[in-house]
1. Please go through segment B:54-78 and give me each residue that is closer than 20 Å to B:Ser34 by Cα, buried (at least 16 other Cβ atoms within 10 Å of the Cβ) and hydroxyl-bearing (Ser, Thr, Tyr), ordered by number.
2. Test each condition in (1) more than 14 Å from A:Val147 (Cα to Cα); (2) surrounded by 15 or more Cβ atoms within 10 Å (Cβ to Cβ) for A:Ala93 and report the one that comes out false.
3. I need the full set of residues from segment A:1-37 which are among the polar types (S, T, N, Q) and more than 30 Å from A:Gln75 (Cβ to Cβ), in order please.
4. When residues of segment B:50-79 are filtered for being over 23 Å from A:Val71 (Cα atoms), among the small types (Gly, Ala, Ser) and assigned to a helix (DSSP H, G or I), how many remain?
5. Residues of segment B:28-66 being out of contact with any Leu (no Cβ under 8 Å at 6 or more places or on another chain) and either farther than 24 Å from A:Ile137 by Cα or away from chain A (no Cβ under 12 Å) (or both), which ones?
6. Tell me yes or no: at least one residue of segment A:12-19 is within 14 Å of chain B (Cβ to nearest Cβ), of a type in the set (S, T, N, Q), farther than 30 Å from B:Leu49 by Cβ and surrounded by 13 or more Cβ atoms within 10 Å (Cβ to Cβ).
7. With respect to B:Thr18, is the statement that it is more than 14 Å from chain A (Cβ to nearest Cβ), over 16 Å from the mean Cα position of the chain (by Cα) and either loosely packed, with under 15 Cβ neighbours inside 10 Å or modelled with pLDDT under 95 (or both) true?
Amino acid sequence: MNRQIGTVILASITIIIVIATLAPFLPVREQRFSELGVLGPNQTIKGYPTSVVVNQSFLLYGLVGNHEGNVENYQLVVKLGNQTTIVTNTTYATAPVMATYWHILRENETWLFPMNLSVNHVGNNTRIIFELWSYHIPTSGFKYTGVWNHIWLNVTSS
Amino acid sequence: MLIGLVISTIPSRSHEATGGQLETANNSVNTAFSSVYRAEQSGGDVSALVENLNTAVSLIQKAVAENATDPNAATADLSSATAIAQMISLNSTSVSTSGSMARQLRLYESLGTVAATLGIAALAYLRGDRVYRRLWLYVFRNHVVKKNDE
């Protein structure tokens, strides 16, 4: 074998081994995010109720996923809003809380859970708002992640 | 008899789940979470801790749900949740320590592998030819060269 070719092969193998060995210690830039999904009673993205009777329980499923790169302490806050309730990626809704679901998730873990909800007053265009909050260690409190979802409901008397 | 009546009408507050107990349990879980987070950042395996932490969270949620109907059970659940969370906080320290030690060991192993690879590569570059020739001579030391047309 030509000495020059041998040197190139040797150098290539050496570089590959060194990079492969040190790769786990090099910082990786990945997109970090939390995911929130609201599923219908069949755990699919269809079959959502559009009309419910007041005080009658209806079933939905919540789905929360952690892709933040570390363990996260989540609370899913369900609020009862209407057409005028404002909720954005930066502002959480100022509305009565219907229920709170709490779970701690490791990286790349998802949490699927049932939500039995009911609305206690009649109204058209009632809005069920789902907000994802996570525990913020520096402030020792839960902080709005900016991730939210909603469904519209007509709540009838019978 | 009057004293007996008065005593029987005093609500047994010690068996009722109070807001203070709920707050204590919540704070214990959140404090434990902070410890678990730090343990994970140190490279520790926090799977078991997270599982136990979720057990504590479930107990708190159960206590909130049953407080109106069974305050004694709610109090017991909140106490259990607090105890679990405090245990997690304690265990997090050892998980954190073992995690950082394991991470350091992995780093040393990797640096050792890199040093060995570079050393072998340098030796191969500097002495490779000589070693190859010696090896060739050793392997073919008994080889008898014959003419093809013999």
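1. Of everything in segment B:54-78, nothing turns out to be closer than 20 Å to B:Ser34 by Cα, buried (at least 16 other Cβ atoms within 10 Å of the Cβ) and hydroxyl-bearing (Ser, Thr, Tyr).
2. Tallying (1) more than 14 Å from A:Val147 (Cα to Cα); (2) surrounded by 15 or more Cβ atoms within 10 Å (Cβ to Cβ), A:Ala93 fails exactly one: (1).
3. A:Asn2, A:Gln4, A:Thr7, A:Ser12, A:Thr14, A:Thr21
4. 6
5. Listed by number, the residues that qualify are B:Ser28, B:Lys62, B:Ala65, B:Glu66.
6. Yes, there is a match, as at least one residue in segment A:12-19 is within 14 Å of chain B (Cβ to nearest Cβ), of a type in the set (S, T, N, Q), farther than 30 Å from B:Leu49 by Cβ and surrounded by 13 or more Cβ atoms within 10 Å (Cβ to Cβ).
7. Working: more than 14 Å from chain A (Cβ to nearest Cβ): yes; over 16 Å from the mean Cα position of the chain (by Cα): yes; either loosely packed, with under 15 Cβ neighbours inside 10 Å or modelled with pLDDT under 95 (or both): yes.
Judged against the criteria, B:Thr18 is a match.
Quick grid of which residues meet (1) surrounded by fewer than 17 Cβ atoms within 10 Å (Cβ to Cβ); (2) free of Cβ contacts under 8 Å to residues at least 12 places away in the same chain; (3) within 29 Å of B:Val46 (Cα to Cα):
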| residue | (1), (2), (3) |
| --- | --- |
| A:Gly37 | yes, no, yes |
| A:Pro41 | yes, no, no |
| A:Thr44 | yes, yes, no |
| A:Tyr48 | yes, no, no |
| A:Val53 | yes, no, no |
| A:Leu59 | yes, no, no |
| A:Asn66 | no, no, yes |
| A:Asn70 | yes, no, yes |
| A:Gln75 | no, no, yes |
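The values are calculated or read from the model by the stated rules, or taken from the named source; none is laboratory data. Since the structure is predicted, the reported quantities are computational estimates derived from the model, not experimental observations. All Cβ positions, glycine included, derive from the backbone under ideal geometry; neighbour counts span all protein chains shown.
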